[in-house]
Amino acid sequence: MYPKKPLAQLVISACTQFKIDTVVISPGSRNAPLTIGFSNHPEIETLSVVDERCAAFFALGIAQQTQKPVAILCTSGSALLNYYPAIAEAFYSNIPLVVISADRPKHLIDIGDGQTIRQENVFANHMLFSANLIENEKYKTRNSQLIGEALQMAVSQQGPVHINVPFDEPLYETIPELTKFNFPHISLSSLDNSHINYKDLSKKWNAAKKKMILVGVNYPDDQLHKLMDLYAEDESVLLFTETTSNLRHKKAIDSIDQLIFSLDDEAFKELQPDILITFGGMIVSKRIKRFLREYQPKHHWDIDARKATNTYFCLSEFIQTTPVDFFFNFNQFVSKIKSDYQPKWLQIRAYRRAKHTEYFKNLKHSDFKVFEQVLNKIPENSELQISNSSIIRYAQLFSIKDSINIYSNRGTSGIDGSTSTAIGAAFANKKQTVFITGDLSFFYDSNALWNANIPASFRIIIINNSGGGIFKIIPGPKSTNAAKYFETPHCLTAEHLCKMHGFEYQKAFASEEVTQELKGFFETSTEMNSASSKKPKILEIFTPSEENDLVLKDYFKYIQ
């Protein structure tokens, strides 16, 4: 069965031509023609998720892993607006998301008809392209052009696009065949690297004795990793890598705040680079951002295939290409030079790491201690998803196993869809996926568990400190008389949610219990012959909310 409506057939045909093979559908009536068509198409996998906000983040998690466009489909009205948080995340994280919304025809907008809002261009500020279609055969060529441009933009530019599809009733009529359409190739501007003067850039680079490379959110890339070896072995270069960079090297500084937290003005001036190269997505560390804004480099080069980001207010060169292409060409002109820049700071890093290890020997039960216990037990070659707020900041203070790939929704840094994204990633990736989250983030997105597509190997670790722990860590909230509105204390647990959604539930209240509960927690049905291991699992670890921030402050004093 396929929809009788030609416009629905046009959209479905376009998706197949552009190799969109996964569609996440939320229920409704106005989107019935597309739901019928997608769910009956042999080349398209359809997944049902009721909550549109969860559905969009779930699709984002799939696209994050496959790096291919994933479509989301909803009915008309406010259903569409629930997609917005994930759309904004996709926009800032360069993740291809195809938003397909059913709509009323124009003559039914703003006349008091139910489930109707102004849907055209509703996401304009965070959308690569918006295609507003018209249900009329005489607009077939125009509709084809718009759909083709939208889908090609999603594929080539790696970001969200919106196709708004108005349908008049009747909505449920079907025919046995799907008409195939040929969509015109839309000419989009291609990446031109000919303007990059590698010789001129290398002259500045080779003359500088203090250079820094700072890497933000980045997909795992073996080729890029090899290209960066040259800089890790150059005494004049410091390689700073965030947890989400998926770039590790024995000479990389991977716990940035651990190194720079206690530096004074004189030390910052010594650390201040002559040249800064940045690439990858958003940077978590506020301290490195503050440092580079106050102690600006003479030259800041940002490498990105799509857009320049002037994070440190001193951007001197936007190098519009991929990091792999840039370093492949640039490395041919680079010379290593003698300098005390890297040796000095690696020596300080070694001291801080030793103090870090020492600090944990007698550390009591707390958020920080839990992180050490959990990260040490995450299986090799697994996928690690990390939620936002204090959770990602704790993760930044640890060296994580090289074989583990790490992801987080850092485009907008929100807590709203972290669980749904992790579930989407777990569904798309054949490796075991582990998700570490805080209590507020988990409960905020608890509808994420209302999903029939969760692999049995999926694991969630909730660090429950009974509120927004980040507001105890950052300066400001505690000095006001409105702290409870920031921290939002609660007495919730995940136990009954687990029972309702078919998760196995474990809990721990002390370090010894955490150690015990982690034994066997990551094992799956292929490793254990037990009924419980055939379910996804949640381990909820309760920590003392009044002590966690004190532990972290004491840590930074200790490692100075």
**Message:** For region 398-450, take the convex hull of the Cα atoms, compute a quarter of its surface area, and give me that in nm², please.
**Reply:** 4.4 nm²
**Request:** Please go through the residue pairs 369/499; 204/307; 106/180; 336/377; 250/507; 251/377 and name each one whose alpha carbons sit more than 31 Å apart in this structure.
**Result:** 336/377; 250/507
**Fill in**
Taking 509, 330 and counting other beta carbon atoms within 10 angstrom, the fewest-first order is 509, 330
**Item:** Separation of the residue 226 and residue 314 label points, Cα + 7 Å toward Cβ, nm
**Value:** 3.4 nm
**Fill in**
Long-range amide H partners of residue 217, meaning residues 5 or more apart or on another chain whose placed amide H is closer than 5 Å, are 281, 282
**Message:** If R₀ is 45 angstrom, what is the calculated FRET efficiency for the pair residue 106 and residue 377, using the beta carbon separation as r and rounding to 0.05?
**Reply:** 0.20
**Message:** Nearest 10 degrees is fine. How inclined is helix 418-428 to the longest principal axis of the chain, computing both from alpha carbons?
**Reply:** 70 degrees
**Prompt:** Ranked from highest to lowest mean number of other Cβ atoms within 10 Å per residue, what is the order of the peptides 255-261, 378-384?
**Reply:** 255-261, 378-384
**Asked** Nearest 10 degrees, 0 to 90: what angle lies between the long axis of helix 198-207 and the longest principal axis of the chain (Cα atoms)?
**Response** 20 degrees
**Request:** Just rank 540, 135, fewest to most, by other beta-carbon atoms within 10 angstrom.
**Result:** 135, 540
**Asked** What is the helix-to-structure angle for 84-93, meaning the angle in degrees between its Cα long axis and the longest Cα principal axis of the chain, kept from 0 to 90 and rounded to the nearest 10?
**Response** 50 degrees
**Request:** Quick one: order 73, 227 by neighbouring beta-carbon count within 10 Å, fewest to most.
**Result:** 227, 73
**Request:** Taking amide H positions as placed in the peptide plane 1.01 Å from N, state which residues far from residue 435 in sequence (5 or more) or on other chains have amide H under 5 Å from it.
**Result:** 385, 459, 460, 461
**Residue-wise HN-Hα coupling along region 429-434, computed from phi with Karplus coefficients 6.51, -1.76, 1.60 (Hz; x: Gly, Pro)** = 9, 7, 6, 5, 10, 10
**Prompt:** Among 86, 144, 76, which residue has its Cα positioned farthest towards the positive end of the charge dipole of region 69-163, with +1 placed on the Cβ of Lys and Arg, -1 on the Cβ of Asp and Glu, and the dipole taken about the Cα centre?
**Reply:** 144
**Asked** Residues with amide H under 5 Å of residue 77's amide H, sequence separation 5 or more or different chain, H placed in the peptide plane at 1.01 Å from N; which?
**Response** 117
**Request:** Within 10 Å, count the other beta carbons around each residue, average over each peptide in 290-296, 63-69, and list them highest first.
**Result:** 63-69, 290-296
**Request:** Give, in whole angstrom and from largest to smallest, the semi-axes √(5λ) of the equivalent ellipsoid of the chain, with λ running over the eigenvalues of the Cα gyration tensor.
**Result:** 42, 32, 20
**Complete:** Residue by residue through region 341-356, the couplings from Karplus 6.51 cos²θ - 1.76 cosθ + 1.60 with θ = phi - 60°, in Hz, x for Gly and Pro, are 4, 5, x, 5, 6, 6, 5, 5, 4, 4, 5, 4, 5, 5, 5, 4
**Asked** So what is the calculated 222 nm ellipticity per residue for the chain, using -39500 (n - 2.57) for each DSSP H run with n of 4 or more, over all residues, to the nearest 500 deg cm²/dmol?
**Response** -10500 deg cm²/dmol
**Complete:** At q = 0.12, 0.23 1/Å the base-10 log of I(q)/I(0) from the Debye formula over the alpha-carbon atoms of region 109-211 is -0.63, -1.28
**Complete:** Magnitude of the Cβ-charge dipole (Lys and Arg +1, Asp and Glu -1) of the chain about the Cα centre, nearest 20 debye, reported as 1100 debye
**Alpha-carbon Rg with Dmax, taken over region 191-236, Å** = 12.9, 33
**Prompt:** What base-10 log of the normalised intensity I(q)/I(0) is obtained for region 198-348 from the Debye formula, alpha carbons as equal point scatterers, at q = 0.14, 0.15, 0.18, 0.20 Å⁻¹?
**Reply:** -0.62, -0.72, -1.11, -1.46
**Complete:** Quick numbers on region 363-558, Rg and Dmax over C-alpha atoms in Å, give 16.2, 54
**Asked** Within the P(r) computed for region 2-175, what percentage of the Cα pairs occupies the region above 27 Å?
**Response** 14 percent
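Read-outs: derived from the displayed coordinates by stated rules, not from any lab. What you are looking at is a predicted structure, and each value in this text was computed from that prediction instead of being measured. A quick note on method: Cβ atoms are made from the backbone with ideal geometry, for glycine too, and the neighbour counts reach across all protein chains shown.
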